[in-house]
1. Evaluate segment 80-99: report whether one residue or more is part of a loop (DSSP other than H, G, I, E, B) and open to solvent by 80 Å² or more (accessible area, probe 1.4 Å).
2. Is one or more of the residues making up segment 114-137 touching a Pro at 6+ places or on another chain (Cβ under 7 Å) and at pLDDT 65 or above?
3. What about Arg79, is it of a type in the set (D, E, K, R), modelled with pLDDT of 85 or more and out of contact with any Gly (no Cβ under 6 Å at 6 or more places or on another chain)?
4. Residues that are surrounded by 10 or more Cβ atoms within 10 Å (Cβ to Cβ), at pLDDT 85 or above and either closer than 21 Å to Arg95 by Cα or of a type outside the set (Phe, Trp, Tyr) (or both): does segment 3-17 have at least one?
Amino acid sequence: MGWSQDLFRFLWRSLSKEVKEHVGTDQFGNKYYYIAGYKNWRGQTIREKRIVEAAKKQEVDYEPGDIPTEWEAWIRRTRKTPPTMEEILKNEKYRKEIKIKSEEFYGKEKLLSKETNEELLTPPVDTQIKGHASAPYFGKEEPSVAPSSTGKTYQPGSWMPQDGKSPSQ
């Protein structure tokens, strides 16, 4: 099946005026080709094509990192000129440096965050709060029998009924 497809492609390209120009090869062995725009036998204008022939011919073996970023940008037409091997190696070195620096930064940040958390956090205090949260004196001292005032605040005294006798007696 493979040789018949190659033969058909060869015949089609020879009849359709497609001229495949080898542009470059990456470090993985992928080959990149450029086909200039042309007019076919019916007068239609066919635009330029940028093609990659993968080193691994099976589609199942394709992984996103198999094509370098620079070549992928050229294939997708986000850059006009194909990348050079020096450019690819320079960018790869730069990516590795950035990765190392980011790992160092996040490692230092983890250590600093542990230290500051230990220093800034106070140990929990055991507090005993009496009463109910809806009571006006929740978390404060028990209300006194006598009313008290400090100028801006007024705390009424607590009222307790007497021993079943009315106060008028």
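1. Checked segment 80-99: at least one residue is part of a loop (DSSP other than H, G, I, E, B) and open to solvent by 80 Å² or more (accessible area, probe 1.4 Å).
2. No, because not a single residue in segment 114-137 is touching a Pro at 6+ places or on another chain (Cβ under 7 Å) and at pLDDT 65 or above.
3. Numbers: of a type in the set (D, E, K, R): yes; modelled with pLDDT of 85 or more: yes; out of contact with any Gly (no Cβ under 6 Å at 6 or more places or on another chain): yes.
So Arg79 fits the description; yes.
4. no
The values are calculated or read from the model by the stated rules, or taken from the named source; none is laboratory data. This one's a predicted model, so the numbers in the text were calculated from it and none came from an experiment. Here Cβ is always computed from backbone atoms with ideal geometry, including for glycine, and neighbour counts include all displayed protein chains. What goes into the accessible areas is simple: the full protein's heavy atoms, side chains included, and nothing from ligands, DNA or RNA. Shrake-Rupley method; radii C 1.70, N 1.55, O 1.52, S 1.80 Å.
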